[in-house]
Amino acid sequence: MKNHLFKASIILLLLVVGWGCKKENQSERSPDQLRINKLELWYKANHVVSEQNLFSQLQPNWETVYVKQVGNQNVYELELENPQKLMVRNSSKELPNFDKESKKHIIKLLIFEDVKSDKIQYASYMTAENVAESDFAKLHYKNVGDFTGTIYYYHFGGGLSNGWIYHNGKIKNKLTATTEVQYQYQQKQYADGKQTDNVDCYSLMVEHYMYVCVYVGSYSDCRWQSMGYSYVEGCVISEETEDVPSDVPGGYGGGGGGTGSATPITDIKHKLDSFPCAKNLITQMNNLNSDLSNLIKNAFNKNDRINLTIEPNYSLQGTSTDGVLGQNSKFTYNNQLYFNISVGINPDILKNATKEYILVTIYHEAIHAYLALKKAELSETEFNNQFAGLYVNGGRLIGVQDPQHWSMGYTNFVNGLKNIILAYNPSFNADRAHALALGGIVSLTPEQAAINQQEKNTTILGYTGTKCP
């Protein structure tokens, strides 16, 4: 009798396990209608059609939703209606046969949902360029099969995030978004034979093409047209790297396991592993106690929705520019703002400047990030009321528009930067700290300019700050 009961129990267990596996497989590919309705509501609430975002003009097909749990996220993939055949392709010297080329491309919408909270976090666009005409049915996020070609991830707002080149399903190159300035700089370095920093890296232009028709009465003229470019730096990788879009409320970064991935310092992150001295300064930013340091910490350390990343910007190398404000991604969900922003620091500063100069440069750029955050959080009227008299020029210069607002700009930012230096190194000369704080904000006297140059480059005599090891 026990033997019969045992056999019956085994059969029942197998049936339960089999049903459970079947249910899991179904849930990976066919979410229920309530879930699809939730996705559609989120999309409609956060989607903005813009001429600057070509992807925003593509409409999701809500009948083709594929879902799979990846880590602590459910990732929903949607095919997009693409009547004008928008495609993203790596630039080549010769133009292809576009009608044939378009069959090698696909664009998908990815929507990411937190498994534990059941809340939708953000969305990205995934583009794929196959080396041959083939079926994309088996190509999914982080599950590409034996795919050979290029995958790019774009922010929901249209900006390029990162990309990966595959060969037979394995990642061979990591592609990181750069700027046109950086692309042109690298091209000149190659042409001049000066590209020696990393022989495993190269610059690449990414083309966007669309099939456009113009109608005049009964006459129509249809042709493939370039819709603009993105720019990337490609690097050969020698280890397995995780394929992850960087449009994440938790921060930036192409993926785990690779050099340069974003490292969390509370919610201020960095990509400064190659610059240990500057990396250590980021860690100490959380321990400094001054009005400006607290302003930045309160802005970017309060939750996992608002994030600042400090990173090197190699396009600035060899120039006189110390730092720039990078791209930002933002969206609103459940009346809450998700905001990621980066600031780029000239590698020459990270390698050669004193710690005090590196610190004041990082905070100078962090002020720009703070102002960009406030512009995203506040209405134009509220922003002008709080920051009247301040302007941001090209994301780099902070100035005061008229003398009556000078005291505000001076107190909040110049004195704030000066006090940051003295909070880090109380023995540093206050007048020199004041000169460093003025840099990039107002015109400097010859003496102040000399002080900045001395602290900026420790390879020459004259600096009094702390030299990096």
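Couple of notes before you dig in:
- Boolean, THR459 is farther than 23 Å from TYR370 by Cβ, polar (S, T, N, Q), touching an Asp or Glu at 6+ places or on another chain (Cβ under 7 Å) and touching a residue at least 60 places away in the same chain (Cβ under 8 Å): no
- Per the conditions (1) on the phi > 0 side of the Ramachandran plot; (2) assigned to a strand (DSSP E or B), the sole criterion not satisfied by GLY145 is (2).
- Only residues that are touching a residue at least 12 places away in the same chain (Cβ under 8 Å), not in a helix (DSSP H, G or I) and not hydroxyl-bearing (Ser, Thr, Tyr) were counted in segment 273-292, giving 5.
- Which numbered condition ALA177 misses (of (1) surrounded by fewer than 17 Cβ atoms within 10 Å (Cβ to Cβ); (2) at pLDDT below 85; (3) closer than 26 Å to ASN46 by Cβ; (4) among the aliphatic types (A, V, I, L, M)): (1)
- Of all residues in segment 56-95, those satisfying the criterion of being more than 19 Å from ASN130 (Cβ to Cβ), touching a residue at least 40 places away in the same chain (Cβ under 8 Å) and surrounded by 14 or more Cβ atoms within 10 Å (Cβ to Cβ) are SER56, PRO60, VAL67, LYS68, VAL70, GLN73, ASN74, VAL75, TYR76, GLN84.
- When SER443 is tested against the conditions (1) loosely packed, with under 14 Cβ neighbours inside 10 Å; (2) part of a helix (DSSP H, G or I); (3) modelled with pLDDT under 85, the lone failure is (2).
- Within segment 371-395, residues that are in the same structural domain as VAL442 (by TED's automatic domain parsing) and of a type in the set (A, V, I, L, M, F, W, C) sit with their Cβ atoms under 6 Å from residues that are assigned to a strand (DSSP E or B) and modelled with pLDDT under 70, at 6+ positions apart or across chains, in these pairs: LEU371/VAL392.
- Pairs are defined by a Cβ separation below 9 Å, a sequence spacing of at least 6 or placement on different chains, a first member in segment 414-427 that is free of Cβ contacts under 8 Å to residues at least 60 places away in the same chain and assigned to a helix (DSSP H, G or I), and a second member that is buried (at least 21 other Cβ atoms within 10 Å of the Cβ) and β-branched (Val, Ile, Thr); the pairs so defined are LYS418/VAL360.
- In segment 97-135, the residues that are aromatic (Phe, Trp, Tyr) and within 21 Å of the chain's Cα centre (by Cα): PHE112, TYR122, TYR125
- Flag for ASP197 being modelled with pLDDT of 65 or more, within 29 Å of THR321 (Cα to Cα) and in a loop (DSSP other than H, G, I, E, B): no
- Of all residues in segment 291-330 being small (Gly, Ala, Ser) and either touching a Leu at 6+ places or on another chain (Cβ under 8 Å) or buried (at least 20 other Cβ atoms within 10 Å of the Cβ) (or both), the one that is farthest from TYR424 (Cα to Cα): SER329
- The residue that is farthest from GLN69 (Cα to Cα), among those in segment 102-152 that are in contact (Cβ under 8 Å) with a residue 60 or more places away in the chain and of a type in the set (Lys, Arg), is LYS119.
- Among the candidates ILE398, ILE420, ILE451, residue that is within 26 Å of GLN327 (Cβ to Cβ), modelled with pLDDT of 90 or more and buried (at least 19 other Cβ atoms within 10 Å of the Cβ): ILE420
- Here the condition is being in contact with a Gly (Cβ under 9 Å, 6 or more places away or on another chain), over 18 Å from SER56 (Cα atoms) and surrounded by fewer than 20 Cβ atoms within 10 Å (Cβ to Cβ); of LYS103, LYS138, it holds for LYS138 alone.
The values are calculated or read from the model by the stated rules, or taken from the named source; none is laboratory data. Please read all numbers here as calculations on a predicted model, not as lab measurements. Glycine also receives a Cβ, built like all others from the backbone with ideal geometry; neighbour counts cover every protein chain displayed.
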